[in-house]
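The values are calculated or read from the model by the stated rules, or taken from the named source; none is laboratory data. If you're wondering where the values come from, they're calculated on a predicted model, not measured in any experiment. Positions of Cβ are backbone-derived with ideal geometry, glycine not excepted, and every protein chain shown enters the neighbour counts. Keep in mind that these areas ignore ligands, DNA and RNA; they rest on the heavy atoms of the full protein, side chains included. Shrake-Rupley method; radii C 1.70, N 1.55, O 1.52, S 1.80 Å.
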Amino acid sequence: LRQEGWRYDVVGANDDGTVGDDNESDGGGERALADVNYALDSMINRAEFEYKGVVFSEMKGAYSDPEGLIERISQTLLFPDNSYRFDSGGDPAVIPTLTREEFVSFYKKYYHPTNSRLFVAGDESDVYHALSQADRYMSPMGYNPDSRKDSAITYQKRTFHKPVFERRPYAA
């Protein structure tokens, strides 16, 4: 889960999370613990942080696309009464307000084989093989009734009696 959702990263950090030149050396000797602590405190006090994360980065890209904006507005207007009104990835302006506990709770509840659909195509032996593999993988996880009860998607009621118009700004 570390890569998903969002997290803070130091601006300009190396891939391993360190800051500075990878080739720096202390001359072969060991630095005193006090020197290391001082260096870390100094680095943290000067560091600039930025939001990172797979979902956060993907949604920033999606929200910068004008066609994506039209699609999101259309979804909210066409489906005001069911879950299709929401963006599945989340609004990047709101993603950083999600706590790790909320993220993990949502993941455990909805990302479970009980809540999945499996579609298989092919001849009879392909289908039996695929179903056997799926059964071997999913059966040990058991059935989770909590995953199903809140994930039903209600039909959108016919509430439109005349055309709906919406105007929203977009920074060009």
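Worth pointing out:
- Sequence of TYR51, TYR110 when ordered by accessible area, the most exposed leading, probe 1.4 angstrom: TYR51, TYR110
- FRET efficiency estimate (nearest 0.05) - Cβ-Cβ, GLN156 to VAL127, R0 30 angstrom: 0.35
- Percentage relative contact order, the stretch 57-127, counting C-alpha pairs under 8 Å, at least six apart: 22 percent
- Stokes-Einstein D (µm²/s) once Rh is taken as the Kirkwood radius of the stretch 64-124 over alpha-carbon pairs, at 25 °C in 0.890 mPa s: 168 µm²/s
- Model label sites at PHE119 and ALA172, defined 7 Å from Cα along the beta-carbon direction, differ in position by 3.8 nm.
- The 1.4 Å probe gives accessible areas that order LEU77, LEU118, largest first, as LEU118, LEU77.
- Qualifying GluC sites (Glu not before Pro) in the stretch 67-172, where qualification requires a DSSP coil assignment and no more than 16 other C-beta atoms within 10 Å, comprise GLU166.
- Using a Förster distance of 25 Å, the FRET efficiency for LYS149-THR76 (Cβ separation, nearest 0.05): 0.50
- For the listed peptides 84-91, 151-158, 131-138, a ranking on the average number of other beta carbons within 10 Å per residue, highest first, reads 84-91, 131-138, 151-158.
- Calculated FRET value between SER139 and PHE106, using beta carbons and R₀ = 25 Å, to 0.05: 0.55
- Cross-linked pairs LYS52/LYS109; LYS109/LYS162; LYS60/LYS108; LYS109/LYS157: Cα-Cα separations exceed 31 Å for LYS109/LYS162.
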